[in-house]
Each structure stands twice: as structure tokens, then as C-alpha cells.
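Worksheet: the structure to be examined is printed underneath.
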2 protein chains.
Amino acid sequence: MSSFAIGVDLGGTNLRIAAIDESGSLLEKITMRTLVKEGPESVIDRMCAGINQLVGKYAGNSRLLGAGVGIPGIIEMRTGTLREAPNLPGWHDYAVRDVIEKRLGTPVILENDANAAALGETWLGAAKDVNNMLMVTLGTGVGGGIVLNGEIWHGMTGMAGELGHVTVDPNGPSCRCGSVGCVEQYASASAIVRMAREKIAGGHAPGMARFASSSDAEFNAKLIHNLAVQGDRAAREIFQTVGWALGILLADMVNALNLEMYVIGGGVAPSWEVFSPTMFQELRKRSLVYAATAPEDSDGKTGASAQVQPDVLIQHTIVTRAVLGSDAGLYGAARLPMTTHEGAEHAHIPASSE
Amino acid sequence: MSSFAIGVDLGGTNLRIAAIDESGSLLEKITMRTLVKEGPESVIDRMCAGINQLVGKYAGNSRLLGAGVGIPGIIEMRTGTLREAPNLPGWHDYAVRDVIEKRLGTPVILENDANAAALGETWLGAAKDVNNMLMVTLGTGVGGGIVLNGEIWHGMTGMAGELGHVTVDPNGPSCRCGSVGCVEQYASASAIVRMAREKIAGGHAPGMARFASSSDAEFNAKLIHNLAVQGDRAAREIFQTVGWALGILLADMVNALNLEMYVIGGGVAPSWEVFSPTMFQELRKRSLVYAATAPEDSDGKTGASAQVQPDVLIQHTIVTRAVLGSDAGLYGAARLPMTTHEGAEHAHIPASSE
């Protein structure tokens, strides 16, 4: 009998629930709006209904291994409490895991969404068969996940991997975390928009100024990316700043951890062509460990990991793009109960629709 | 029958060789000048003679577990080659391990000196019984070692832990590594002297100017420390900069790794009282993970880890001083063959003086 697991990606905008089998095939995916404003109880009600729906449908032919839930925020692993969750207002210090478990009547595994994405890319994506990797997720904010010896590195309280708040410039712009000059203030989608609006306000961006009156929904990182690709100088400078900040972050991490692979994912990652040249330039300059281990044809002209040979992985530091896109976290969440022993042992979600 | 191991600390100035038993007691220590100018072969000859002398003396009553050698430089673990060793001119790309093994006729374990110090502090010092820790060693340069699950984290090629080259200020002073604004340019003994000379040259340090004509051997970090303790404003500012840089480094590492303990060691560590206030201030500001896990009486007013209760270690991030002083690396080097299986199995150094 084959096995499957439920993966949930609870985002600030969308809530996605999937049944994924142990080989990584997607059986079915449910996507709905999160509707954060309705409050955590309502969101969790709908999430649990979705989980039960998929379990009822697939648990007959396949063995359920459990459920994993990826959440954007800092999770205290021991208690299953959200300690910080800027994209989920009303969830602060909320005992998410207990509430979900009570509703489902079975243990679930909670995970930070960027950690889940790192696990997904390690299972099925860019870092397949790589034991030690780090993933930076460039979205509205900047998240991170570190995988050591094939498992997510949680640290003491489950808060490891907060790569978005590594300092890039000690005198940089204020960050919502209370610090200044964090990676997130240079390499997130919101930072890209902020930098563009600053350039427009300073009169340095005639090409982008035409869009200045647009709402934030329209004047977004993708629009600025398109202008950069079309050759707009100010837009290109912004992505050079994205690459500069990522290069400093990666250099810090390569110097500290000397991992096999570093993966850049999230909504901003498709802008790889415009930010990666400065990223590699800065990385090479700032990391003697990278300089000593970079592949000869490096500076990731392709960014493709599929061509990397296994023997190259042993000796060279690879920096590349994520390949699973926005599904990385969903796959990673489903992977949690497949690799965590307690999850697998206790999985017996009652299928309400049976 | 009790067991012992040989630990070697091969520094740019001093070469120390010790026999240490498995409980961590020092049986005997030999200290000599390294005399780097004589070249690697001569240094290794004298090292091996010292090792054989100790083995001949103690191997009769006690079982020899092997020998570990701590070396200041970036070691490629697979080949046992020094890739970078600024304090050992003439040793660049030198196959240190092979040469020592050939001379001794037995395997030895090579380790970066800062990694060895981290292992020493974990075995017998500030981080005793702590499984996950990071140590920053403030000496002529700044080194680092990361211990995960009780073992040194080597990374892919053995180059992990290069914490001295984490970026603090992307526009800071040039570093010998090729980057700019590295931790080492703010928190090493040489950086302290450089900053003092800069202040004197700028006319901002009347108190220190009296010593400006001294040679570097006399106008050193310890003298500047003493002036700071006596209240000299410019000297105090320098140690505030040391603390500021360390705070940024620690914040980056706490955000990324969420370890139980961070230990500050090396020759500059005794200046803890003058640099740690700004270090903790910066750390708290820049790390939301630290702010969420800092002990209530934190900001390390004592810096003593002996009073830390085991249950505090589980939930709180501890930042503290090293306790083994300059012997940390020697103890850590001796610890290597006690914990590495291949070392213990093959130990049969012929005792030439028997």
C-alpha cells in the first residue's frame, strides 16, 4: 500500500492544502484565500475542513503518514506557538499547533514556511541529494532555511534560519524587526518597491516615474523587474542592490558554514538574471571560502543545478536558483511527517467525509 | 589502564605540545618558540621530537589515543593541506598532515586552531555540557569555531567557522582576505592598534598620543585596554567599536543558527568589561531571535557561565567569555583523537626515547 501526507502552506494571502505521495507526486491541491481578517479560528476551521476532505478522498487507497503545516513566522517549536508573524496579524503568541491538533484530533507538525521551502527543494528541487544546504526565500519579506545532514536545522528553540535579518549595512534603512540594514531591506519584493519609490522621489528614475502614481498592487517588484530587463538604468541599479545584499549574506554564510549548496527562491528569484551578477561579484570578493571552492565556470551563468555532476558537489560551493517555485513550501510541509518519526507514528486523522 | 592524547598548538609565535589525559588533566606541557622563519620542515622536526618525548614518558603507564594538531589557517580537511595561513609564511598550500604523519609514522588529526579552541571550551570550559555553540577567538586576527551536536562543524571542505570575515560594514576598512569591513578589522588585537593609531593621527586621542611613538610590541591592545579601563575616552571608544562589531557578528549568527551558547575567547577577551556593553546592546537590537531568548538578567553583566543552570541553557541564548584562556586550543587538539574514531584506532606513535 502506498503512502501519502498532507502539506499545508498557510500564507498571508493564500492558503493551500495538498495531498502528496511519498514519491513526491501531487495527488490533489486545494487553494483558497487565507482571509486573515476573519481571525485565526476561522482560518484554521477552513484549513481543517480542507485537510479532512483530502484525507477522506485518499486515505482509502493509501496510508496517511500525517500532516505538516508551513507558517510564515517565528515558531517556538517546543510549544508550537507563533512568536512573530508579521503577515498574520492576530496570530502573535498564538498556540497554533495546539489549536490545529485539537480541531483535527491528531498531531500535526508545524514548520516555518521558509524552512519548509528549504526541505521541499532538498527533497525534490535544486538541492536534491544535497545533504547540507541553505535556502534564501525572497518574498514580501526575506526568509531562510538551513538543512544540515538532510534535516532542517531548527536551533535551540526552532528559530534558526532568520536570514532576512542578517545585517548587510549597519547604517541601512530601518527594518520592521527593530534593527536597521537587514537583508530584507534590500532583497525583498517590498524593498524593491521602496527603493524604486525612493529613486522616483529623488528624481533619479524618469523611466519608472511614469508608474509612480500606480497603487502598490500594480507598481510591484515584477513591474520593476520588467523595466530592468528592458534596460531602464534606475531599475537595473535596484536589482544590483538586491544582488549586492544577497552577495554579502551569502558570503557571511559561506564563511561561517561552508555548505555544499545555497539556493535562492521565492517570488523575486525569477529576477536572477538581473541580480545575480552583482551577487556573485560580492560573494567572491567577501568570502575567501567561496573563492577557494567556487566552480570554475561559476558565477552561475545558467543558475541551473541539473547539470551539476555529483563529484562537483563534493568539492565546489554551488549557488543556484530554486526550481519548485511557489510549491516548494507545500512539498516541504508534506515531507515533514514522512521524515519525522513521531509524526508518522501518530497519524490517524479521522476522515470526516468518509 | 588510563588513556591520554597529545595536543599540539602550532601558533605563529609559540609552539606548544601537551600530554593530556582523558579526564582533561594536563600531564605535561612543552612550550617553545615556533621560529617560523626556519621553515615548515624544521618546525615539524622539533614538533615531532617534542611529541615523541612526551609519548616516551607517558605511554608506559597510560594508553596513547593519538595526536591532534591545531594550526592557524584554513585547512582543506580531505587532503590535510593548509590553504591559507597568514601567520605561517611559507606554509601556503603545504601538505602539513602528510609531512607530520610521515615523520611520526602514525596518523594525526589536523584542525584549525579556532575550531580546536571551540572544542576545548566545549570539553572543559565555558560550554561544558553544551551541545551547540559557537566560539569567536579574538587574537591577532579573528577566528571562529562552530560546534553542532557536540562536534566541530567542518562544512564541506573543512573551512567552516571563518567568522572573522563576516561583513560588519560593507564600506569598512580593507581586510587581508580581499574583502572590506570584516569583523577582523574591528575586533582583533591588530584592529585595536590600527584604530588607536588612526585616532592619534587624527588628533582625537591626546591620552594615547603619549604612547604613539612606541613600537607595535609595546603599543598594543593590552595597553589600549588599560587606558580604556582608566577612563581614556578615545580608548573606550575603540572598545565600543570592538563590541559593536561583535554584536553585529553575533546577531547574524544567532539569527541564522539559534544556538545555545556563544563564547568569546582569545587574547582580547579579557577586555570583556569594556567591549561587552555595546556588544549586548547591538546584539539585542539586531537579533529578534536573541531578544526572544535572552536571559532576563542578560547582557552578561558577569559573563560567567558557571552560574548558568542547566534548565536555563535549554531555553536561553547565553553569550559569555571563554574560561580556558590560551590553553583552549591545546586541550581541544588533544580532545580530537579522543572523539574521532579513526584517530583512536590507529594510534601507535613509536616512542623514540624508550
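Remarks
- Qualifying residues in the stretch B:274-296 (those that are at pLDDT below 95 and part of a helix (DSSP H, G or I)) - the one farthest from the other protein chains (Cβ to nearest Cβ): B:Ala291
- Total residues in the stretch B:198-221, condition loosely packed, with under 15 Cβ neighbours inside 10 Å and either of a type outside the set (S, T, N, Q) or touching a residue at least 12 places away in the same chain (Cβ under 8 Å) (or both): 11
- Residue match in the stretch B:141-149 (condition: in a loop (DSSP other than H, G, I, E, B) and over 16 Å from B:Gly266 (Cα atoms)): yes
- Any hit, the stretch B:114-136, residues being under 18 Å from A:Ala251 (Cβ atoms) and either surrounded by 21 or more Cβ atoms within 10 Å (Cβ to Cβ) or in contact with a helix residue (DSSP H, G or I) (Cβ under 8 Å, 6 or more places away or on another chain) (or both): yes
- Enumeration of residues in the stretch A:49-66 that are under 13 Å from A:Arg16 (Cα atoms) and crowded, with 23+ Cβ neighbours inside 10 Å: A:Ile51, A:Leu54
- Taken together, the residues in the stretch B:144-161 that are more than 8 Å from chain A (Cβ to nearest Cβ) and surrounded by 24 or more Cβ atoms within 10 Å (Cβ to Cβ) amount to 3.
- Qualifying residue in the stretch B:212-221 (condition: part of a helix (DSSP H, G or I) and of a type outside the set (Gly, Ala, Ser)): no
Table: residues versus (1) more than 16 Å from B:Pro72 (Cβ to Cβ); (2) open to solvent by 30 Å² or more (accessible area, probe 1.4 Å); (3) of a type in the set (A, V, I, L, M, F, W, C); (4) in contact with a Cys (Cβ under 8 Å, 6 or more places away or on another chain).
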{"position": "B:Met1", "(1), (2), (3), (4)": "yes, yes, yes, no"}
{"position": "B:Ile6", "(1), (2), (3), (4)": "yes, no, yes, no"}
{"position": "B:Ala18", "(1), (2), (3), (4)": "yes, no, yes, no"}
{"position": "B:Glu22", "(1), (2), (3), (4)": "yes, yes, no, no"}
{"position": "B:Met32", "(1), (2), (3), (4)": "yes, yes, yes, no"}
{"position": "B:Pro40", "(1), (2), (3), (4)": "no, no, no, no"}
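- Index of the failed condition, B:Phe239 passing every other in (1) touching a His at 6+ places or on another chain (Cβ under 8 Å); (2) at pLDDT below 95; (3) not aliphatic (A, V, I, L, M): (2)
- Looking across B:Val319, B:Val323, one residue alone is buried (at least 18 other Cβ atoms within 10 Å of the Cβ), within 14 Å of chain A (Cβ to nearest Cβ) and at pLDDT 55 or above. It is B:Val319.
- Against the test of being farther than 22 Å from A:Lys222 by Cβ and aliphatic (A, V, I, L, M), the options A:Ala187, A:Ala95 yield a single qualifying residue, A:Ala95.
- Restricting the stretch A:50-62 to residues that are within 25 Å of the chain's Cα centre (by Cα) and without any contact (Cβ under 8 Å) to a residue 60 or more places away in the chain, the residue that is farthest from A:Phe4 (Cα to Cα): A:Gly50
- Test: residue in the stretch B:242-262 that is farther than 30 Å from B:Trp123 by Cβ and open to solvent by 20 Å² or more (accessible area, probe 1.4 Å): yes
- Exactly one residue among B:Gly164, B:Gly181 is more than 30 Å from B:Arg78 (Cβ to Cβ), at pLDDT 95 or above and within 14 Å of chain A (Cβ to nearest Cβ), and that residue is B:Gly181.
- Residue check, A:Ala334 away from chain B (no Cβ under 13 Å), outside any loop (DSSP other than H, G, I, E, B) and modelled with pLDDT under 95: no
- Those residues of the stretch B:120-135 which are away from chain A (no Cβ under 11 Å) and of a type in the set (Val, Ile, Thr), in sequence order: B:Thr122
- Candidates A:Arg83, A:Arg46, filtered to the one that is within 22 Å of A:Ala117 (Cα to Cα), open to solvent by 50 Å² or more (accessible area, probe 1.4 Å) and touching a residue at least 24 places away in the same chain (Cβ under 8 Å): A:Arg83
- Qualifying residue in the stretch A:98-110 (condition: within 8 Å of chain B (Cβ to nearest Cβ), open to solvent by 20 Å² or more (accessible area, probe 1.4 Å) and either assigned to a helix (DSSP H, G or I) or closer than 22 Å to A:Ile318 by Cα (or both)): no
- Candidates in the stretch A:229-273 are the residues that are part of a strand (DSSP E or B) and away from every other protein chain (no Cβ under 14 Å); of these, the one that is nearest to the chain's Cα centre (by Cα) is A:Gly265.
- Complete set of residues in the stretch B:182-197 that are surrounded by fewer than 23 Cβ atoms within 10 Å (Cβ to Cβ) and touching a strand residue (DSSP E or B) at 6+ places or on another chain (Cβ under 8 Å): B:Ala189
The values are calculated or read from the model by the stated rules, or taken from the named source; none is laboratory data. Treat the numbers as computed from the prediction; the structure is a model and nothing was measured. Neighbour counts are summed over all protein chains in view; Cβ atoms, including those assigned to glycine, are modelled from backbone coordinates with ideal geometry. To get the accessible areas, we keep the full protein, side chains included, count just its heavy atoms, and leave off ligands, DNA and RNA. Shrake-Rupley method; radii C 1.70, N 1.55, O 1.52, S 1.80 Å.
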